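The values are calculated or read from the model by the stated rules, or taken from the named source; none is laboratory data. This is a predicted model, so every value here is computed, not measured. Using ideal geometry, Cβ is built from the backbone for each residue, glycine included, and neighbour counts are taken over all protein chains shown.
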């Protein structure tokens, strides 16, 4: 599958892409900011700092909609509860088939039907890999700027095939279809109950008092409301599922499957107690708000996108699974602290940040000192090893 690569850092004003030297300097500044924001990370030392490419597939789900699938299957799943229809052997069906002409028998029949509908009719579903709406919406500006221009970064290779992507999409579509079928079944049951009432009313209502007729009618109304509630539950479930997809127009996609590589920066931190942690810096934008020079002129595209993505991925990586160990090994081989090109690039980047007055000079000096400190420690360790 031919993939496109999105930018990692852009201007808020016009979504123009930040040059590579400023990008590196600013993304390290973000990492430093997050490192010092957390008390446990403050005294930690860097093990690596790498630019990674995260593979996400956008695949058509329906005529105009696309869902996003995490091709690493790390931590994003679609989980929800779906309203199901009554089992074929449910007592409600045999109860409705009974002929009960007298008032008390018919009232009892309706009461038993209502009780059957009071039983919870929810079942859990989970589709692995589908990205939640906050992530998709947050990625939209990046996806629109994605190109086929190769960049120098660590590719995290997908672990699922095209056939598996299609299977995930089919599962999503099948659940939507099954909910529609469930709605149809509830409507059919409504019609059966309506016919039951009409038959009772035409054949037996005359033998009942007005008060008794009113009671029967109220029971039928209560039963009908129970079914309507189930139908509305189903419709809400469809709305919820559709919220997980975006139109091709919004995403600027037209082909059935598109792979987008999402760039971000990943740092490995060794804490004083020798515990290893990961710090992820997702894609961001440079704010146009420069009335006061901030420590860091960076905002996320979408607040929930940035925090959800960062927290979930960091938690999975910190779990030290074989997959997270593999990602760490790849990042160590492409450690930017140990690359001369990156060291030259970041110096130019900070010079340009000074010129544009994006970060106050005293903060730039501190951030640069942290970079040089990490470079010095890691180079010494490499010589010793």
List the residue pairs whose Cβ atoms are under 8 Å apart, where the first residue sits in the stretch 263-282 and is outside the structural domain of residue 378 (by TED's automatic domain parsing), the second is part of a loop (DSSP other than H, G, I, E, B), and the two are 6 or more positions apart or on different chains.
none
Report yes if residue 138 is touching a residue at least 12 places away in the same chain (Cβ under 8 Å), surrounded by 14 or more Cβ atoms within 10 Å (Cβ to Cβ) and in a helix (DSSP H, G or I), otherwise no.
yes
Pick out the one residue from 338, 332 that is surrounded by fewer than 18 Cβ atoms within 10 Å (Cβ to Cβ), under 28 Å from residue 275 (Cα atoms) and touching a strand residue (DSSP E or B) at 6+ places or on another chain (Cβ under 9 Å).
332
Scan the stretch 238-254 and tell me whether some residue there is surrounded by fewer than 18 Cβ atoms within 10 Å (Cβ to Cβ), within 27 Å of the chain's Cα centre (by Cα), without any contact (Cβ under 8 Å) to a residue 24 or more places away in the chain and farther than 28 Å from residue 81 by Cα.
yes
The helices (runs of 4 or more DSSP H) lying entirely within the stretch 301-385 that contain at least 3 residues which are over 35 Å from the mean Cα position of the chain (by Cα) and within 23 Å of residue 43 (Cα to Cα) are 361-384
Any residue in the stretch 1-16 that's over 11 Å from residue 260 (Cα atoms): show its pairings with residues that are modelled with pLDDT under 85 and exposed (fewer than 13 other Cβ atoms within 10 Å of the Cβ) at Cβ separation under 9 Å, as long as the two are six or more apart or on different chains.
11/288; 12/288; 12/289; 13/288
Of 157, 79, the only residue that is surrounded by fewer than 16 Cβ atoms within 10 Å (Cβ to Cβ), under 33 Å from the mean Cα position of the chain (by Cα) and outside any loop (DSSP other than H, G, I, E, B) is 79
Where residue 324 falls short, out of the listed (1) at pLDDT 90 or above; (2) within 23 Å of residue 38 (Cβ to Cβ)
(1)
Would you be able to say whether some residue in the stretch 9-16 is surrounded by 22 or more Cβ atoms within 10 Å (Cβ to Cβ) and at pLDDT below 95?
yes
Among the listed residues 233, 229, which satisfies the condition of being on the phi < 0 side of the Ramachandran plot and free of Cβ contacts under 8 Å to residues at least 24 places away in the same chain?
229
Hey, could you check the stretch 83-124 for residues that are closer than 19 Å to residue 239 by Cβ, out of contact with any helix residue (DSSP H, G or I) (no Cβ under 6 Å at 6 or more places or on another chain) and surrounded by 13 or more Cβ atoms within 10 Å (Cβ to Cβ) and say which is modelled with the lowest pLDDT?
121
Does residue 58 satisfy being in contact (Cβ under 8 Å) with a residue 60 or more places away in the chain, over 30 Å from residue 349 (Cβ atoms) and crowded, with 16+ Cβ neighbours inside 10 Å?
yes
Selection from the stretch 192-219 of residues in contact with a helix residue (DSSP H, G or I) (Cβ under 9 Å, 6 or more places away or on another chain), farther than 15 Å from residue 104 by Cα and either modelled with pLDDT of 85 or more or outside the structural domain of residue 107 (by TED's automatic domain parsing) (or both) yields 192, 193, 194
